[in-house]
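> I have a structure here, written as structure tokens, and I will follow up with some questions on it.
Coordinate-derived values only; no laboratory data. Computed from a predicted model, the values in this text were never measured in an experiment. Virtual Cβ from ideal backbone geometry, glycine too; neighbours counted across all protein chains shown.
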Amino acid sequence: MDNSILIIGAGVAGINCALNAAKYGTHVYLVDDTPSIGGMMARLDKTFPTNDCSICIEAPQMYEVDNHPNIDILTNTEVRKVKKADGGFSVRLIKKARFIDEEKCTGCGACLEACPVTVPDELDGKIGGVRKLISIPFPQAVPNVMVIDPDCRYGRMRDKGACVGGCVVDCSQCRECPIALCVAACRKEGKDAVRLWQANKNINIAVRSIVIATGIADAKPPRGLYGYDLYDNVVTYTQFERLMNAGGPTGGQIIRPSDRKHAHRIAWIQCAGRGLEGGVPYCSKVCCMVATKQSIITKEHDPQVDTTVYYNDLKAYGKGFWAFYEKARENGVKYVRARPYDVFEDPETKNLTVRYEDLDSGELRYDEVEILVLSTGLVANSRNERLAKILKIQLDKLGFFKEKDPISAPLETEVEGIYVCGGATGPIDISESVVQATAASLKAVSPR
């Protein structure tokens, strides 16, 4: 315990926090409740303001974490209980069954090809992304092994055509499955890695400090906001990010969800839903630069695409951000200071008409576009509330973790030995997350 810390959340902040702490000889438990480390950054296309490849930056860090002798990665794992003990913390973790032997699985994909059921992907479903009931989260996932959907394992996908769940005897009592196609495919490859009888596992650890790096989530727009969930070609900015991504469901082709045709007129609405019921009540800091990045990359795909950004107040607070905005203008991106108030669809062409007030002239105008992107903002991770109760620390009214004192005790909480960084503290960009992660790791490894 004297030389171990626990990091909760394995996005870019958690990864950098772990690497920095490990360099000081500290043993790190890096825990994430999803099947792979990487967080939101692993799903992005590019980073602003340099437009560098996101996964090209993060994948080497993920590899380094995976191979560092001082770091234990625990994916698909939740924190269930934390107690003060001997100047540190006694922690109970639950490693959820992924129904795969991680030591034997090589990620060959034979089981994936054999799986008979395809379902919409949680992140990419709106834009056509799909996955099998057994899958790898993304190509560069760490660990790069399969995971089986619990709904398949427990027989809840039989009506969709799943081959598992029809037995009288439960998988936990039967080790020779004669019907699961993934089991047969894996054994044919000589791996025998599928473990339908695998159970959740309790893990008890003792650590001196805890760092919370639970990250952020994109705000889901309410149904009907500017036609979202009513019209196929209204998407969020995270969904559009996946459209641009070469590793996304369209292979980087910016096409319309409605007819899979290339879009030639695309618009972004900033602060979508802000101040409305169900909308984000604050500025998320990064949305203006995300729209700027996406419009620039769209122009790089096809300079003839007409791109328009409807904004109220432009947020360009970081190093190089204003020059990044000017670059977008030079590339032909139109910025309109506007207040959009209505969107309707042509039922034949599926094109969208955006009606708005031009805030500079006061006139009511309208534009026709083929894809409408909603910049809805960033919100606290849904896991924060449960985690705050377990750790006995406070959240602010927006659901982010409270710092003890942002001026005199930044990144510290009311509980000595528990620290926060990255999106756990509020809306933040990647570079700020890395800076905070470095600072939090130093606090965590320093003697108290």
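> Any idea how far apart residue 94 and residue 339 come out in nm if each label point goes 7 Å out from Cα toward Cβ?
Between residue 94 and residue 339, the label points sit 4.8 nm apart.
> Pop a pseudo-label 7 angstrom from the Cα along the beta-carbon direction at both residue 122 and residue 329 and give the gap in nm to one decimal.
The modelled label-to-label distance comes out at 4.1 nm.
> Considering the dipole of the chain built from charges on the beta carbon (Lys and Arg +1, Asp and Glu -1) around the Cα centre, which of 198, 354, 393 is farthest to its positive end?
Towards the positive end, the residue furthest out is 198.
> OK, next. Based on C-alpha coordinates, I'd like the Rg and Dmax of segment 167-247, in Å.
Here Rg and the maximum Cα pair distance are 22.2, 53 Å.
> Excluding same-chain pairs closer than 8 in sequence, count the lysine pairs in segment 14-152 whose Cα atoms lie under 19 Å apart.
Lysine pairs meeting both conditions in segment 14-152 amount to 5.
> Mind listing P(r) for segment 193-297? All alpha-carbon pairs, 5 Å bins, whole percents.
Calculated over all Cα pairs of segment 193-297, the distribution is 2, 8, 16, 17, 15, 10, 8, 8, 9, 5, 1, 0 percent.
> Could you work out Rg/(2.2 N^0.38 Å) for segment 219-378, with Rg from alpha carbons only?
0.97
> Given the C-alpha centroids of segment 281-295 and segment 171-246, what is the distance between them in whole angstrom?
A separation of 27 Å, based on Cα centres.
> Could you work out how far apart the two model spin labels at residue 159 and residue 365 are, taking each label as a point 7 Å from the Cα in the direction of the beta carbon, and quote it in nm?
4.9
> Could the peptides 102-108, 8-14 be put in order, highest first, of the mean number of other beta-carbon atoms found within 10 Å of their residues?
Ranked from most to least packed, the peptides come out as 8-14, 102-108.
> Counting only helical runs of four or more DSSP H residues, what would the 222 nm mean residue ellipticity of the chain come to if each run contributes -39,500 (n - 2.57) and the total is spread over all its residues?
Mean residue ellipticity at 222 nm (helix-derived): -6500 deg cm²/dmol.
> Determine which aspartates and glutamates satisfy two conditions relative to residue 220: a Cα distance under 12 Å, and not lying fewer than 8 residues away in the same chain.
Result set, ordered by chain and number: 229.
> Same structure again: On each of the three principal axes of the Cα atoms of segment 110-188, give max minus min coordinate, whole Å, ordered largest first.
The Cα atoms of segment 110-188 stretch 38, 27, 18 Å along their principal axes.
> Report the full-extension gain for the segment residue 405 to residue 72: residue separation times 0.36 nm, less the Cα-Cα distance, to one decimal in nm.
Working it through step by step, the gained length comes to 116.8 nm.
> Moving to a separate point now. GNM on the chain, C-alpha springs below 10 Å: top fluctuator among 424, 184, 219?
Per the Cα network of the chain with a 10 Å cutoff, 184 tops the list.
> Select from segment 134-202 those trypsin sites (Lys or Arg not before Pro) which occupy a DSSP coil region and have at most 14 other Cβ atoms within 10 Å, ordered by residue number.
The qualifying sites are 156, 175.
> Send over the semi-axes of the chain's equivalent ellipsoid, whole angstrom and largest first, taken as the square roots of 5 times the C-alpha gyration tensor eigenvalues.
They are 38, 31, 19 Å, listed from largest to smallest.
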